[in-house]
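A.B. asks: To start, I am sharing the structure in question, which I have written as structure tokens.
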Amino acid sequence: MAEQHEHSITYKTYLWTWFWLLVLTSLALGLGYAPIGERLKAMLLVCTTLAKILVIAAIFMHLRYERINLILITFAPLILAVILFSFTFPETLGTPTHLITVR
Amino acid sequence: MESSLAAEQQRILASDWGGGKSPFGTSWSKFMMWIFIISDALTFAGFLIAYGFMRSISPSWPKQTEVFNMVLITFMTFILISSSATMAMAVGAARARNPKLAVRFLGLTIVGGFIFLGCQAFEWSHLIEEGARLTSNPWGVPQFAAAFFVITGFHGFHVFSGVTILAIVALRAVVGKYSGDQVENAGLYWHFVDVVWVFVFAFFYLL
């Protein structure tokens, strides 16, 4: 089944994808050094990271040519990660507590 | 018999939720690779969320730009992304039934993997020389080095496994035991390793 759709991606597409991934990496790197608030930085880094993984998954991993049910199950870890994060983060709401001591 | 097969195929192709012999419209090996990737992604998600939790309960966190050589880390990211591109091209060549070109691209990907591992070994030895250990480090927060060694170590082990798998696939292609599916499945794993690094790079090194 895979044979039917593989040829629709050309080397040129891969090179462009590589180029855009490097652009997104540079953007993330710039954000790392940008003089902005931690929360805004975290949000923007989440956005660039999601953009990068979507590009890799869609083109390099050929997910855009797969069936919708296969595409949907690949989102499972991301959704479960968000649930796990929302269970643990409210414990502190990002506020440092006495739980870890700095030597 | 043939008409029932055709009917089955028609049923599978007609609906995304139809089930049948190939409910995901893909080969069993590729589907198994996806299942493995999903379960492995959950492991990394656990690591990264544990790291996020530790960081959020810590009153301070070492500034990464002062601890790590960010030029090296950026170079490692560049290498891994580039190797992902060459891997995608290897899959393209394999699907186009051009094993010679596929082996060449696989070779480039393996070289990228080795460069990445070399850089990581250099980074680890440098930090260990500075006194970083699993339970302690000179930058104040013990959990910092623990998170660093566990997350990058686990990822590095995946890169090493990936290089081994790619070498096996390339060797099989050289001796003619060659299948496009094998290259594609190895490629899926390699891209997954790249995806994990995208997260590590953003949330461990940059945030």
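A.B. asks: Let me know the shape class of region A:2-91, please: from the alpha-carbon gyration tensor, a ≥ b ≥ c as square roots of the eigenvalues, rounded when a/c is under 1.5, otherwise prolate if a/b is greater than b/c, or oblate.
C.D. replies: Working: a/c = 5.42, a/b = 1.37, b/c = 3.96.
Oblate.
A.B. asks: Which number do you get for Rg(Cα) / (2.2 N^0.38 Å) in chain B?
C.D. replies: So chain B has a normalised radius of gyration of 1.25.
A.B. asks: Run the helix sum for chain B: -39,500 (n - 2.57) per DSSP H stretch of 4+ residues, divided by residue count, reported at 222 nm to the nearest 500 deg cm²/dmol.
C.D. replies: One gets -26500 deg cm²/dmol as the mean residue ellipticity at 222 nm.
A.B. asks: Same structure, new question: Going through region B:114-182, which trypsin sites (Lys or Arg not before Pro) have at most 15 other Cβ atoms within 10 Å and a DSSP loop state?
C.D. replies: Listed in order of number, the matching sites are B:Arg133, B:Lys177.
A.B. asks: Which helices of chain B meet both criteria: a Cα extent of 15 Å or more along the helical axis and a mean Kyte-Doolittle score no lower than 0.5, with helices taken as whole DSSP H segments?
C.D. replies: Within chain B the helices that satisfy the rule are B:28-57, B:70-95, B:99-129, B:142-174, B:180-200.
A.B. asks: Based on the Cβ-Cβ distance from A:Leu50 to B:Phe154, what FRET efficiency comes out when R0 is 22 Å, to the nearest 0.05? Provide the component values of the computation, followed by the final result.
C.D. replies: On the way: r = 22 Å, r/R0 = 0.99.
For R0 = 22 Å, the calculated efficiency reads 0.50.
A.B. asks: Oh, and also: Roughly how crowded by other chains is peptide B:196-207, in terms of the mean Cβ count from those chains within 10 Å of each of its Cβ atoms?
C.D. replies: 6
A.B. asks: Let me ask you something else. How many percent of Cα pairs in the protein assembly as shown exceed 32 Å?
C.D. replies: Within the protein assembly as shown, distances greater than 32 Å cover 32 percent of Cα pairs.
A.B. asks: May I ask which residue of B:Thr26, A:Thr88, B:His158 lies farthest towards the positive end of the charge dipole of the protein assembly as shown, with charges of +1 (Lys, Arg) and -1 (Asp, Glu) on Cβ and the Cα centre as origin?
C.D. replies: So the residue furthest toward the plus end is B:Thr26.
A.B. asks: Turning to a different aspect of this structure: How shielded is B:63-72 by partner chains, expressed as the average number of their Cβ atoms within 10 Å of its Cβ atoms?
C.D. replies: 1
A.B. asks: Dipole magnitude of the protein assembly as shown about its Cα centre, charges +1 at Lys/Arg Cβ and -1 at Asp/Glu Cβ only, in debye to the nearest 20?
C.D. replies: Using Cβ point charges on Lys, Arg, Asp and Glu, the protein assembly as shown gives about 300 debye.
A.B. asks: Tell me which lysines have Cα within less than 22 Å of B:Lys100's Cα, excluding those fewer than 8 residues away on the same chain?
C.D. replies: Output for B:Lys100: A:Lys12, B:Lys177.
A.B. asks: Please find, in a Gaussian network model of chain B (springs between Cα atoms separated by less than 10 Å), the residue of B:Trp61, B:Trp17, B:Trp139 whose mean-square fluctuation is greatest.
C.D. replies: For chain B, modelled as a Gaussian network with Cα springs under 10 Å, the answer is B:Trp17.
A.B. asks: Report the gain in length on full extension from B:Ser125 to B:Ile38: 0.36 nm times residue separation, minus Cα-Cα distance, nm rounded to one decimal.
C.D. replies: Full extension from B:Ser125 to B:Ile38 adds 28.2 nm.
A.B. asks: Compute, for region A:2-91, the length of the dipole vector about the Cα centre, with Cβ point charges of +1 (Lys, Arg) and -1 (Asp, Glu) only. Units Debye, rounded to 20. Display every interim value, and only then the final one.
C.D. replies: Values: 6 positive and 5 negative charges, 43 e Å.
Using only the charged Cβ atoms, the result is roughly 200 debye.
Every number here is computed from the coordinates shown, using simple stated rules; none is lab data. Computed from a prediction, not measured in an experiment: that's the story for all the values here. Every residue, glycine as well, gets a Cβ built from its backbone with ideal geometry; the counts of neighbours run over all protein chains shown.
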